[in-house]
Amino acid sequence: MRLAVCDDERSFIDEFSSIMEQLKLKLNDIYDIDYFTEASELISELKNGEKYDLICLDICMPDYTGLEIGKFIRDILKDDVCQLVFISSETQYALELFKLRPMDFIIKPITKEKLSSVIEIAERLINNNHRIFEYSFNSMNFKIALSSIMYFSSEARKIVIHTKDENYEFYDNLKRIENELDKYNFFRIHQSFIVNAVYISRVKSNEIILLNNEVLPVSRSRKDEVKKLCFMNYL
């Protein structure tokens, strides 16, 4: 896994590095980590084409804020795959952060338990990018990457897979699909819709707005659950 950590406090960088060295032994995995104490250095690397699976960003930095870097990654680089984790000693940023679709929010001081949880969630989400959804239609079998699916819709037994480029139809039960995908960051928001959380841009009282500005309804019975699932990592 490729990680970048950007924080202007050297003490935080040192603590993060120390904990990661311990976690490497526990998780038995390979991590390639770049540390930055100046946000401009990270931005320069990203402009030069450097790719990271996970970027941890301090919100308050003197040259660029973590929010500005997050907007650069999402809006300028058009990178919706990289997992973002924001770092702060304060908690009032939740609504601003939600627009940037972060994976998590770390409150300083960092702990081994919290960082371990962040890494494990990131690994699961990154692995999900390589998972395949299989379905059948007209006696033919098809495969599609989970990461390309924005949402499923249903009308009776007809299921439609919605991606950025095309839609695909087949016959199945939405409940069965929900059970299959609930551990892969897909949320049931309505009796007729299952949404990939990666593509959620905003949540309103009775609807969600996707990254392509498509609007989907949220049923009254699922409204609180959807908000909780979307905000639980960093409220």
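Structure notes:
- Contacts under 7 angstrom Cβ, first residue in region 169-184 being modelled with pLDDT under 90, partner surrounded by 15 or more Cβ atoms within 10 Å (Cβ to Cβ), 6 or more apart: 184/128; 184/146
- Considering region 85-140, and only residues there that are in contact with a Gly (Cβ under 9 Å, 6 or more places away or on another chain) and closer than 14 Å to residue 12 by Cβ, the residue that is surrounded by the fewest Cβ atoms within 10 Å (Cβ to Cβ) turns out to be 88.
- Of residues in region 141-162 being touching a helix residue (DSSP H, G or I) at 6+ places or on another chain (Cβ under 9 Å) and hydroxyl-bearing (Ser, Thr, Tyr), the one surrounded by the fewest Cβ atoms within 10 Å (Cβ to Cβ): 153
- Residue-level check: of (1) closer than 21 Å to residue 103 by Cα; (2) at pLDDT below 95, residue 57 misses just (2).
Conditions tested, residue by residue: (1) in contact (Cβ under 8 Å) with a residue 60 or more places away in the chain; (2) not β-branched (Val, Ile, Thr).
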{"position": "59", "(1), (2)": "no, no"}
{"position": "69", "(1), (2)": "yes, no"}
{"position": "76", "(1), (2)": "no, no"}
{"position": "90", "(1), (2)": "no, yes"}
{"position": "102", "(1), (2)": "yes, yes"}
{"position": "116", "(1), (2)": "yes, yes"}
{"position": "136", "(1), (2)": "no, yes"}
{"position": "141", "(1), (2)": "no, yes"}
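- The residue list 97, 84, 115, 77 contains one member that is over 20 Å from residue 210 (Cα atoms) and in the same structural domain as residue 46 (by TED's automatic domain parsing), which is 115.
The values are calculated or read from the model by the stated rules, or taken from the named source; none is laboratory data. Since we're looking at a predicted model, the values are computed, not measured. Every residue, glycine among them, receives a Cβ derived from its backbone with ideal geometry; neighbour counts consider all protein chains shown.
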